[in-house]
Amino acid sequence: MQDGHRQCGDWHRPSRNGSLTRSYSVTAKLLPLVTPSAKREISTDRALLLVNINQLLTLRSASGNPGPRRGPDLAALGIIKDGAVLCSAGKIVFACKTKDAFRDPWLKRNRKKIVEIDCAGQVVLPGFVDSHTHPVFVTPRLGDFEKRIAGETYEQIAEAGGGIRLSVEGVRKAGKKLLVEKVLDALHQMAEQGTTTVEAKSGYGLTVDSEIKSLETIRGAAAKWPGTVIATLLGAHVVPREFHGRSQEYVELVCKQMIPLVVQRKLAQFVDVFTDRGAFTAEDTDKVFDAAKKHGLGVRAHVCQLTETELRPLLRFNVASLDHLDYVSDGDIRQLAKTETVATLVPGANYFLGLEKYPPARKLMDGGAAVALATDYNPGSSPTASMPFVLSLACTHLKMSPAEAIAAATINGAWALRLQERKGSIEPGKDADLAVFDVEDYREIAYWVASNRCAFSVLNGTVPSSSAQ
Ligand code: NIG
Ligand code: FE
């Protein structure tokens, strides 16, 4: 347990952006103690105080080492026993022991104006950062599911007309209203399980218009959700049917039409490429990354899911994350360890595809790479919105400790999206993104399989009524 936190009395010092001082306005009238069972939305103009937290996982860096967490730093959760967190105007004001919070003179004077939540017997941690999802699709791929049960592989199903291209048909036909409903439903499911930041990819449109429609869908859903959404253009998901045998023309379309338009309309922060057998080559990826970088976008890629791709040439693009990595080589693990590129593992896909092989998480971690965990929420390989389930898989199949899994799903997820200054830990000045779990010990989050123990989430200072169960 770590107890060396700044005194609560220090919190009035302006934070990095200078915005958090004692002068913030608290407009709430006298409010009763709010229990997690209250069915209402707590607006961001009221300060929010969580108290009596059995274990408060701050994820504050103990070592002070720069960069994403790696090696032993990954398991350091910065736990405060009997903790308290004060949030105001969507930001964390302080995190400390409950008794120290109540000694604070300002809090003493204003306590009745603050929404106070008793978290006795609960664990509070930074909201999960789900840094890899594909939420813009219409229907589940149940036929693919049955075929796999009958013995066909993911690639065989794709070659026979199923797979990603099947979801493309649905998205191309769908109106934006329906797509927004689908994405919003996914975002709510995520928040109900502790996720407060989501990376959302396009990638089932594969025409200029349908990729733009998908990204506009993400923007539309994000505007209706109190959490944070980071959009990624995945125009290079697969070569669409109409470009069969003309993959270079499609790559050109992505580089010369999609990327410039997405930038002009400010629809995405990142560009992703599915770099693997049956999708795009490392050379194609080089071209797409080059175009993305020239237009000021960040880059990430799906790699080594089905076959090995040499990663070293991609690393020169300062890639934010490389995801999947089932077939990563030892040499590339050494290269990854020298960079801030995050190795994002998505074991939900291995589970759902019924694979025996999982990504070599221990080798990656022990070799010094920075590892994150994400759901890969999508209709083909990983139809789960649950980060706790991914944590469970990470422990049972990737042999990550519960502590490593939590850091990989929070602070390293934030690094994977280059949001480490705002997300992923509970520290003054960061966004007020919290997950409150009905468990006494943080290890239970990964322990209780397929049962949602998340009591509620706080997203940018707001508790949505849908997650306050
Ligand atoms: O991350 N591999 C590429 N994309 C997704 C699967 C998409 C799908 O099958 O619809 C993945 O596993
Ligand atoms: Fe994916």
>> Quick check on the stretch 301-329: of everything there that is more than 12 Å from VAL342 (Cβ to Cβ) and among the acidic types (Asp, Glu), which residue is nearest to ligand 1 (Cβ to nearest atom)?
In response: ASP326
> Filter the stretch 301-325 for residues that are among the hydroxyl-bearing types (Ser, Thr, Tyr) and surrounded by 23 or more Cβ atoms within 10 Å (Cβ to Cβ); which is nearest to the chain's Cα centre (by Cα)?
Replying inline: SER321
> If you go through the stretch 226-285 one residue at a time, how many are away from ligand 2 (no atom under 16 Å from the Cβ) and in a helix (DSSP H, G or I)?
Replying inline: 24
>> Here is a check on your reading of the model: is LYS266 farther than 26 Å from SER382 by Cβ and under 22 Å from the mean Cα position of the chain (by Cα)?
In response: yes
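Given GLY298, GLY354, which one is within 16 Å of ligand 1 (Cβ to nearest atom), small (Gly, Ala, Ser), surrounded by fewer than 24 Cβ atoms within 10 Å (Cβ to Cβ) and touching a residue at least 40 places away in the same chain (Cβ under 8 Å)?
Result: GLY354 is the single residue among GLY298, GLY354 that is within 16 Å of ligand 1 (Cβ to nearest atom), small (Gly, Ala, Ser), surrounded by fewer than 24 Cβ atoms within 10 Å (Cβ to Cβ) and touching a residue at least 40 places away in the same chain (Cβ under 8 Å).
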> Looking at the stretch 243-261, is at least one residue away from ligand 1 (no atom under 16 Å from the Cβ) and among the β-branched types (Val, Ile, Thr)?
Replying inline: yes
> If we keep just the residues of the stretch 192-216 that are away from ligand 1 (no atom under 16 Å from the Cβ) and more than 15 Å from the chain's Cα centre (by Cα), which is surrounded by the most Cβ atoms within 10 Å (Cβ to Cβ)?
Replying inline: LEU215
> Looking at ALA414, ALA405, ALA372, ALA435, which one is within 16 Å of ligand 2 (Cβ to nearest atom) and either within 18 Å of the chain's Cα centre (by Cα) or of a type in the set (Lys, Arg) (or both)?
Replying inline: ALA372
> Among the residues of the stretch 123-140, is any more than 22 Å from the chain's Cα centre (by Cα) and within 16 Å of ligand 1 (Cβ to nearest atom)?
Replying inline: yes
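Could you please give the count of residues in the stretch 375-394 that are without any contact (Cβ under 8 Å) to a residue 60 or more places away in the chain and within 16 Å of ligand 1 (Cβ to nearest atom)? Spell out how you get there, then give the answer.
To start, the set of residues in the stretch 375-394 that are without any contact (Cβ under 8 Å) to a residue 60 or more places away in the chain comprises 382, 384, 390-394.
Restricting the remaining residues to those that are within 16 Å of ligand 1 (Cβ to nearest atom) gives 382, 384, 390, 393.
The total comes to 4.
FYI, it's all coordinate maths here, none of it is from the lab. Computed from a predicted model, the values in this text were never measured in an experiment. Note: ideal-geometry Cβ built from the backbone for every residue, glycine included; neighbour counts use all protein chains shown.
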